[in-house]
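*Asks:* One structure is given below, represented as structure tokens, and several questions about it will come after.
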Amino acid sequence: MLASAFDLSTFGFFERRSVREFITFFCRTIVQRCAPGMRTSVNHDKYVVHVHMRSDGLAGVVVADSEYPERVAFTAINSLLLNFHEAHGQTWPVTTTDVALSFPALDRAIVEFQDPAKADKLTAVQKDLDKTRGHVQKTMEALLDRGTQLENLVAQSDDLSMQSKMFYQNAAKANRCCVLM
């Protein structure tokens, strides 16, 4: 492990240490089983571990809940791997033990990627499209309701028109018999 950052604020204070150790163990195990150039996601309970191992052997891992979009997780991993390679390109290939290399972009990424819609423009666009689709569906339903109401009004108007014709005809018949000469 070359660099790590954890946000365990959703866990209780006394649980955090064991959760951190479990995540570290789980991530090591998955990375060891990944082939170079491979991307994979592994589900565990309510969480998903996203792993991307580059062809040069540098791997990135994101552990998130199952609702977190996979595409956004891999976007974050890819970006962080590129930045890490730029910052420590000479150091990491020769490192054989766990070290804590300085990588402030990792801490910023945890904060930045908390909300996938803010971190990823495509997710934000998709969210806006879903919102717009909802508005359009409501508008279409309202239009269909108005169309039904207009049909009812037209039917009532036709009924009223027929009744007024009948009234006119009956009134004309009644007035014919009462003509004064």
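The values are calculated or read from the model by the stated rules, or taken from the named source; none is laboratory data. All of these numbers come straight from a predicted model, not from anything done at the bench. Quick reminder, even Gly has a Cβ in these numbers, built from the backbone with ideal geometry, and neighbours come from all protein chains shown.
*Asks:* Inside the range 28-69, can you point out the residues that are in contact with a helix residue (DSSP H, G or I) (Cβ under 8 Å, 6 or more places away or on another chain), more than 21 Å from Ser9 (Cα to Cα) and not in a strand (DSSP E or B)?
*Replies:* Arg54, Asp56, Gly57, Leu58 - these are the residues of the range 28-69 that are in contact with a helix residue (DSSP H, G or I) (Cβ under 8 Å, 6 or more places away or on another chain), more than 21 Å from Ser9 (Cα to Cα) and not in a strand (DSSP E or B).
*Asks:* Pick out the one residue from Ala124, Ala105 that is part of a helix (DSSP H, G or I) and at pLDDT 80 or above.
*Replies:* Residue meeting the stated conditions: Ala105.
*Asks:* Mind checking whether some residue in the range 115-133 is outside the structural domain of Gln32 (by TED's automatic domain parsing), more than 30 Å from Ala64 (Cα to Cα) and not small (Gly, Ala, Ser)?
*Replies:* Within the range 115-133 (the criterion being outside the structural domain of Gln32 (by TED's automatic domain parsing), more than 30 Å from Ala64 (Cα to Cα) and not small (Gly, Ala, Ser)), the answer is no, since none of the residues qualifies.
*Asks:* Going through the range 70-102 one residue at a time, which ones are modelled with pLDDT under 85 and crowded, with 17+ Cβ neighbours inside 10 Å?
*Replies:* Hits for the range 70-102 are His88, Trp92.
Rundown of residues vs (1) closer than 24 Å to Leu122 by Cα; (2) free of Cβ contacts under 8 Å to residues at least 24 places away in the same chain, yes/no style:
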| residue | (1), (2) |
| --- | --- |
| Ser4 | no, no |
| Ser9 | no, yes |
| Ser18 | no, yes |
| Phe25 | no, yes |
| Gln32 | no, yes |
| Ala35 | no, yes |
| Ser41 | yes, no |
| Val51 | yes, no |
| Ser66 | yes, yes |
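*Asks:* Further question on the same structure: Leu80 versus (1) touching a residue at least 24 places away in the same chain (Cβ under 8 Å); (2) more than 21 Å from Arg28 (Cα to Cα): which is the lone unmet condition?
*Replies:* It is condition (2) that Leu80 fails.
*Asks:* Can you spot a residue in the range 122-137 that is within 30 Å of Asp7 (Cα to Cα) and touching a residue at least 40 places away in the same chain (Cβ under 8 Å)?
*Replies:* Yes; the residues of the range 122-137 include at least one that is within 30 Å of Asp7 (Cα to Cα) and touching a residue at least 40 places away in the same chain (Cβ under 8 Å).
*Asks:* Right, something else. If the requirement is being closer than 21 Å to Phe103 by Cβ and basic (Lys, Arg), which of these qualifies: Arg71, Arg54?
*Replies:* Just one listed residue meets the conditions, Arg54.
*Asks:* Also: Considering only the range 1-27, how many residues are in a helix (DSSP H, G or I) and not β-branched (Val, Ile, Thr)?
*Replies:* Within the range 1-27, residues that are in a helix (DSSP H, G or I) and not β-branched (Val, Ile, Thr) number 9.
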